[in-house]
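What follows is a set of notes on a single structure, which appears directly below.
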Amino acid sequence: MSMCAFMCLALPDSPPPTHTFTFTFLIPEKILTSNSREHSEKMNSRALAALLSSLISELLLLLLLLFPSSNPLSVTSNSNSGSNFYETIFPLIHHFLSSAELVTSLSLLSISRKRKRIHQPDIDNEDEPGSELSVFGLGLTQNPDSFKCCFRMTSSTFEWLSGLLEPLLDCRDPIGSPLNLAAEIRLAIGLFRLATGSDYPEIARRFGVSESVTRFCAKQLCRVLCTNFRFWIAFPSPIDLDSLSASFEALAGLPNCCGVIDCTRFKIVRNTGFNPSAKYEVREESIAAQIVVDSSSRILSIVAGFRGDKTDSRILKSSTLYKDIEGGGLLNAPPIYINRVGLNQYLIGDGEYPLLPWLMVPFVDPVPGSIEENFNSAHHLMHISALRTIASLKDWGVLRQTIEGEFKMAVAYIGSCAILHNVLLMRDDYSALSDGLGDYSQIPHNFRNAFLEESSIESNASVVRTSLATRARKLHSSSQSLDPGGSMKSEPS
C-alpha cells in the first residue's frame, strides 16, 4: 500500500455548501458596516466576469459551427485547411480562455482581499509577516520567539501557512454574517486557540471580535486542516520504509523496525444537562489517541476518538492499522534474516501491547546483563521518539488542559495539532517539539505482568524477539569494546 493515509478522526459534521452553519453568530457592529453594499458589488463583479467568459466561449464555439471546414481567420485556401484549422485553433482557444479565467480570478481575489482589510486600521510594512496582527497587542515582532509564544511556530512558518490556507479560510462565512476578516487574522485566531488554550472570551478580547467569531475561526481552521490536509499524516510507501527502518537501525542497532506505536489520553469535560452549574450534569471523561511515529517523531498514523477507558491493546485491535497489517496490506516486504531467523518488518510498542510477529514489546523483568536487558535498552531508545511526540502534542495549550466542549470538537483539536506537528517538522521548525518526555520518562516501559505475557505470546514472535535480543547483545558488546578514541580494545580470552 503506497502512501496510505492513516488518520481516523471524528470530525465536526460538514454541512452542505449552501448552509455553512446552523447557528447564529454575533458580529461586531464595526464589521457589519457597508456589508450589503460590498456584498452587492462583489456579486456584480463575479456575475459580470462569468457572463463575459460565457459569451466569449459561445462566440468561439459558434464560429467553429459556422465554419467547420475552413479557417475563418485565414484569407488563403488550402485543401487541408479544415484539419489545420482545428489543430491550430483549439490550443489557441484553450490558452485564451485559461488566460482570461486566470486574470479574472486574480482581479476578483485582489478585490476580495482589499475589501476584507477595509475595516483594519492602517498598517505600515504590510509585507512583513504578521503585519496584520500587530494591531492586536499580541507583542508580535520579527523575533521568532514572539510567534512561538502565540502560535507555536516561527514567523516564516506562519506566513507560509497563511498563504497556503488563505483560499480555504476565505471561502466560508456564517450565513448572512460575512466576517470581512483577512485570512491571516482567521488563521491567527484559530492558531491562538490551539497554541495557548485560551478560552473564547479571552481570544475575543485580544482580537477585538465577538466570541462567536472566535468559535467560528477555531472550528473553521480545524475543519480545513482535518479535511483538506490530512495527507500530511500518511504511512510511508515501501521505498520510504527502507530509509525509515535504516534510521532506527542507526539509532539503536535493531534492523527492519518501521515505527513506534503508542497510545495517550486527553481529558475532556462535557456538560450533560441544561444547567452548567450543576455538578452532577458535568462529566469528566478522556479521549484515547493511538499514534505511530518514526525516529524523528513524525506522526505516520493517528487514530483518535476512542473512549479513554479502553486499553491500548483493545484500541489497537479496533483500528484499521491492525486490520491492514494482519491482512498483509502493510509491513509486507520480504523478510531479512538474522541468525537464520526470518525478520519481517515490525513496529515496537510498550508493555501495554501484545507480542506479535510484527509488534515487538519489551521483556518482563529481564535478568541484569542478559540479552533480554540489552534488547530492552535498545527498545527504549527507539521508543523515545513516541514519548517525545506525545509530550509535544500535550504541550499545545488546547490539549494540555481539560478540554471543555463537544466530543467531536475535542477529537478535531487532537487531529489538528497532530497535523501541525508534522507540518512544523517538515519545515524544520522545531518550535513545538518538546525537549523533554514529560511524565512519561518516569514510567517503566516493561510493566506487563508475566501472566499477561505468557498468555499472549506467539511462538514465532518469541523467536523473532529472541533473535533481535541476540543482535542487541552483539552490538552492546561491540560498543563496550570501543575506547573513547574509537579504537578496538582487545577482548579478554
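The values are calculated or read from the model by the stated rules, or taken from the named source; none is laboratory data. All values derive from a computational prediction rather than experimental measurement. Here the Cβ positions follow ideal geometry from the backbone for every residue, glycine too, while neighbour counts run over all protein chains shown. Just so you know, the surface numbers come from the protein's heavy atoms only, side chains and all, with ligands and any DNA or RNA stripped out. Shrake-Rupley method; radii C 1.70, N 1.55, O 1.52, S 1.80 Å.
Of note:
- Ordering of 204-210, 167-173 by packing is 204-210, 167-173, highest average first (other Cβ atoms within 10 Å, averaged per residue).
- Linear extension gain, residue 370 paired with residue 205, 0.36 nm per residue minus alpha-carbon span: 53.3 nm
- Area of residue 200 that stays accessible when all protein chains are in place (1.4 Å probe, Å², to 10): 30
- For residue 367, the accessible area of its heavy atoms, probed at 1.4 Å with every protein chain present, is near 100 square angstrom.
- Vicinal HN-Hα couplings computed from phi for region 218-223 (Karplus, 6.51 cos²θ - 1.76 cosθ + 1.60; Hz; Gly/Pro x): 5, 5, 5, 4, 5, 5
- Nearest-0.05 FRET efficiency for residue 307 and residue 231, computed from C-beta distance (R0 25 Å): 0.35
- Pairs beyond 25 Å (Cα-Cα), from 317/474; 267/408; 267/323: 317/474; 267/323
- Cα→Cβ-extended label distance, 7 Å offset, between residue 146 and residue 462, nm: 6.3
- From phi via Karplus (6.51, -1.76, 1.60), per-residue ³J(HN,Hα) for region 299-306 in Hz, x at Gly/Pro: 7, 9, 7, 9, 10, 10, x, 6
- Descending by average beta-carbon neighbour count within 10 Å, the peptides 458-469, 412-423 line up as 412-423, 458-469, the highest first.
- For residue 259, distant residues with modelled amide H under 5 Å away: 348
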